[in-house]
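Asker: Take a look at the following structure, please.
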Amino acid sequence: MKTNSKTKIKNLASPKGMRDLMNEEYYNFQGFFEKAQEVAVYYGFKPIETPIMEHAEIFTTGIGEGTDIVDKEMYTLKTKGEDHLALRPEHTASLMRAYIEHGLQNTPQPVMFYQYGPTFRHDKPQRGRYRQFYQFDLDSLGSEKSIMDALVIKAGMSILEDAGAENLSIDINSIGDKECRNSYIKELTSYYRKNISSLPTVDRERLKNNPLRVLDSKEEKTKEINLNAPDAISFLCPACKKHFKEVLEYLEEMNISYNINKNLVRGLSYYTRTVFEILEEKGSEDGTPLALAGGGRYDYLARQLGNKKDVPAVGMSIGVDRIVAMPWYKKLSPRIMKKPKIYFIQLGSEAKLKSLNIIEILRKAHIPIAQSLSKDSLGSQLAIAEKLQIPYALIFGQKEALENSVIVRNMSNRSQETVKLNNFLEYLKEIK
Ligand code: AMP
């Protein structure tokens, strides 16, 4: 579309469900990401960053049709080169694509990654639900051992606790593997068929494509029907039962309390065996639990994406937007956020000319400063320094510019001393 200087943009607001992060909110996010990375590294996770877009089929195949994410919520586009791409609605399928593409199965297993960044779902925006939101993921690929499920859960819990969360609980379930899941799905389907006349239309549709999804339906009628639905745990084969029991034992050993939720299936088609959610007990507006993170095993995803062999894997996604909005969030401050030690004040044209050189000396000495180079009067600059409660002001006027010196003013007792620029670095060490 051609525009000229007279064209008016009709809508200057950011797209619905997407927002600008700035000021305190920006620092809150960055502080969380830094803390989460630090914890992840202690548990042995390494960083990876996959592209924000993938070929759409990575998600349609991986997450599966019959899920809201794929059927309704994905942002897709056709490029000029006719590639069909999608903005990532989650990180797991991209990670598995990267693992396969880089032949990581030929390296020592498991491979443990953390990754974070924006994800996109065309969902209905509401409190705690955005169309562009941020997830922090932890994943272990290449091991079927139950201790990896426990490690991922523990690392995620530690991140949430370090961010200030206190009233966390875990909902956990096992949906079995291909040995046992099919007989469970058969039983579940026949149960819903018996109740078909009371089942709402959306859930009748779900029943056709993805019967497990009916279990986590939000429809009141279906919730009632679900109370007596058969549960997956009773259908687990011995190997899945053993795996689930071990995961629970690890959690008990770590004093992590959990609640077995037989309706928890986490609709995505790649999940096998363990599925879980970490909830803030009274996090929602109406005082009901709010999901802060969710995850599970996805042992068949690799083959679904075309890999010759299965790659047993387990992971979780932490919803960062919800955490930083919680009253208990510790407002972790990121390393880039530095409290200014010195307020730099300049007076007169000669001083302004040399100001950036002085600021460079301070930067090289790693002294965080604040300044208002665009201002001219001493009064207005000092007023800002007072307001920001910065301990020292550096006054650089005409005389100082000519004599290569600066005045250092202690803002609490208002004492001042003149320091020659060639002694300045030594002097700064004293006040650091
Ligand atoms: P999911 O990938 O759906 O299991 O989501 C994992 C976590 O991401 C959830 O527990 C939420 O905390 C968060 N989350 C999911 N969808 C959204 C959204 N639309 N807006 C904000 N956070 C979300």
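Asker: Over the chain, give the accessible area per residue in Å² for a 1.4 Å probe, as an integer.
Answerer: On the way: 23080 Å² over 432 residues.
For the chain, the per-residue accessible area is 53 Å².
Asker: Taking all protein chains in place and a 1.4 Å probe, what share, in percent, of the accessible surface of region 342-431 do carbon and sulfur account for?
Answerer: Solvent-exposed carbon and sulfur of region 342-431 make up 53 percent of the total.
Asker: Classify region 342-431: rounded, prolate or oblate, from the alpha-carbon gyration tensor (a ≥ b ≥ c, eigenvalue square roots; a/c under 1.5 rounded; otherwise prolate if a/b is larger than b/c)? Before the final figure, lay out each step's value.
Answerer: Numbers: a/c = 1.36, a/b = 1.05, b/c = 1.30.
Rounded, because the longest to shortest axis ratio a/c is under 1.5.
Asker: While we're looking at this one, here's another question. Which of the GluC sites (Glu not before Pro) across region 233-290 are loop residues per DSSP, with 10 or fewer other Cβ within 10 Å?
Answerer: Of the GluC sites (Glu not before Pro), the ones in loops of region 233-290 whose Cβ has at most 10 other Cβ atoms within 10 Å are 285.
Asker: Can you tell which of 152, 379, 18 lies farthest toward the positive end of the dipole of the chain, using +1 and -1 charges on the Cβ of basic and acidic side chains (Lys, Arg; Asp, Glu)?
Answerer: Of the listed residues, the answer is 379.
Asker: When a/c reaches 1.5 or more, the comparison of a/b and b/c decides; with that in mind, is region 149-224 rounded, prolate or oblate per its Cα gyration tensor?
Answerer: Working: a/c = 3.81, a/b = 1.88, b/c = 2.02.
Oblate shape, in that a/c is at least 1.5 and b/c is the bigger or equal ratio.
Asker: Another one. Would you mind checking the tilt of helix 238-253 against the longest principal axis of the Cα atoms of the chain, expressed as 0 to 90 degrees and rounded to 10?
Answerer: 40 degrees
Asker: Just to confirm the filter: which trypsin sites (Lys or Arg not before Pro) across region 213-258 are DSSP coil and have at most 15 other Cβ within 10 angstrom of their Cβ? It would help to have the intermediate numbers written out before the result.
Answerer: Values: sites: 213, 218, 221, 223, 241, 242, 245; in loops: 218.
For trypsin sites (Lys or Arg not before Pro) across region 213-258 that sit outside H, G, I, E and B with at most 15 neighbouring Cβ atoms in 10 Å, the list reads 218.
Asker: Could you count how many Lys pairs in region 342-431 have their Cα atoms under 13 Å apart, skipping same-chain pairs fewer than 8 positions apart?
Answerer: Taking the Cα cut-off of 13 Å, the pair count is 5.
Asker: Quick check on the chain: helices-only [θ] at 222 nm, where DSSP H runs of length 4 and up contribute -39,500 (n - 2.57) each and the sum goes over total residues. Nearest 500, please.
Answerer: Result for the chain: -11000 deg cm²/dmol, rounded to the nearest 500.
Asker: Beyond a 31 Å Cα-Cα separation, which of these cross-linked pairs lie in this structure: 124/330; 178/282; 78/262?
Answerer: 178/282; 78/262
Asker: Next question, about the same structure. Can you tell me the orientation of helix 92-101 relative to the chain, as the angle in degrees between its alpha-carbon axis and the longest Cα principal axis, to the nearest 10?
Answerer: Here the helix axis deviates by roughly 90 degrees.
Asker: Which GluC sites (Glu not before Pro) from region 1-77 combine a DSSP loop assignment with at most 15 other Cβ atoms within 10 Å?
Answerer: 49, 65
Asker: Okay, next question. Among DSSP beta bridges lying fully in the chain, give the percent that are antiparallel, nearest 5.
Answerer: If we restrict to bridges inside the chain, about 80 percent are antiparallel.
Asker: Going by Cα centres, region 210-267 and region 351-373 are how many Å apart?
Answerer: So the separation of the two Cα centres works out to 60 Å.
Asker: Quick one: helix 178-194 against the long Cα principal axis of the chain, what's the angle to the nearest 10°, folded into 0 to 90?
Answerer: 70 degrees
The values are calculated or read from the model by the stated rules, or taken from the named source; none is laboratory data. Not measured: the values here are computed from a predicted model. Heads up, the Cβs are rebuilt from the backbone with ideal geometry, glycines too, and the neighbour counts pull from every protein chain shown. Ligands, DNA and RNA are excluded from the accessible area calculation, which covers all protein heavy atoms including side chains. Shrake-Rupley method; radii C 1.70, N 1.55, O 1.52, S 1.80 Å.
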